[in-house]
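What follows is a set of notes on a single structure, which appears directly below.
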Amino acid sequence: MGLDQYAYRREADEDEDGNITIAEWRKHNRLHGWMENLYRDKGGDETGNSFNCVELELTESDIEQFEAHVTDKALPETDGFFFGGDSYEEYEEYHKNADLEFIKEAYDAFANGQKVYYNSWW
């Protein structure tokens, strides 16, 4: 058991059956922290409930902000029982490339009129 994370795209008029996976991560706790902060900034549950199994729609502006944080290596330190060690321990080796590939895929999805989402399970 651990933190499993996914990003997917789909047509604007499709439901979750139309999801096409564009990225997967495992125990990238800083990514999850960044997405949780975004979720709460967008008005998500402020009561402290866990950010787990929540579909978060991402806009092009969100991806631009994420790209800036990836480039600056400024994703927030995030703890969680199932999250493993700090994901920056392996960031340059694994997570950064996955993050940059996700950003590229997200921009491609927007260019094709699709929506982009993040979700996780732990």
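The values are calculated or read from the model by the stated rules, or taken from the named source; none is laboratory data. Quick caveat: nothing in here was measured; it's all calculated off a predicted structure. Every residue, glycine as well, gets a Cβ built from its backbone with ideal geometry; the counts of neighbours run over all protein chains shown.
Of note:
- Of all residues making up region 28-55, the number that are buried (at least 20 other Cβ atoms within 10 Å of the Cβ) and not hydrophobic (A, V, I, L, M, F, W, C): 5
- Filtered residue count, region 28-44, keeping only those that are touching a residue at least 40 places away in the same chain (Cβ under 8 Å) and either of a type outside the set (K, R) or out of contact with any Leu (no Cβ under 9 Å at 6 or more places or on another chain) (or both): 8
Quick grid of which residues meet (1) of a type in the set (F, W, Y); (2) under 15 Å from the mean Cα position of the chain (by Cα); (3) modelled with pLDDT of 95 or more:
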{"site": "Y39", "(1), (2), (3)": "yes, yes, yes"}
{"site": "T47", "(1), (2), (3)": "no, no, no"}
{"site": "S50", "(1), (2), (3)": "no, no, no"}
{"site": "Q65", "(1), (2), (3)": "no, yes, yes"}
{"site": "D72", "(1), (2), (3)": "no, no, no"}
{"site": "Y88", "(1), (2), (3)": "yes, no, no"}
{"site": "N97", "(1), (2), (3)": "no, yes, no"}
{"site": "L100", "(1), (2), (3)": "no, yes, yes"}
{"site": "F110", "(1), (2), (3)": "yes, no, yes"}
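- Restricting region 64-80 to residues that are in a loop (DSSP other than H, G, I, E, B) and hydrophobic (A, V, I, L, M, F, W, C), the residue that is surrounded by the fewest Cβ atoms within 10 Å (Cβ to Cβ): A74
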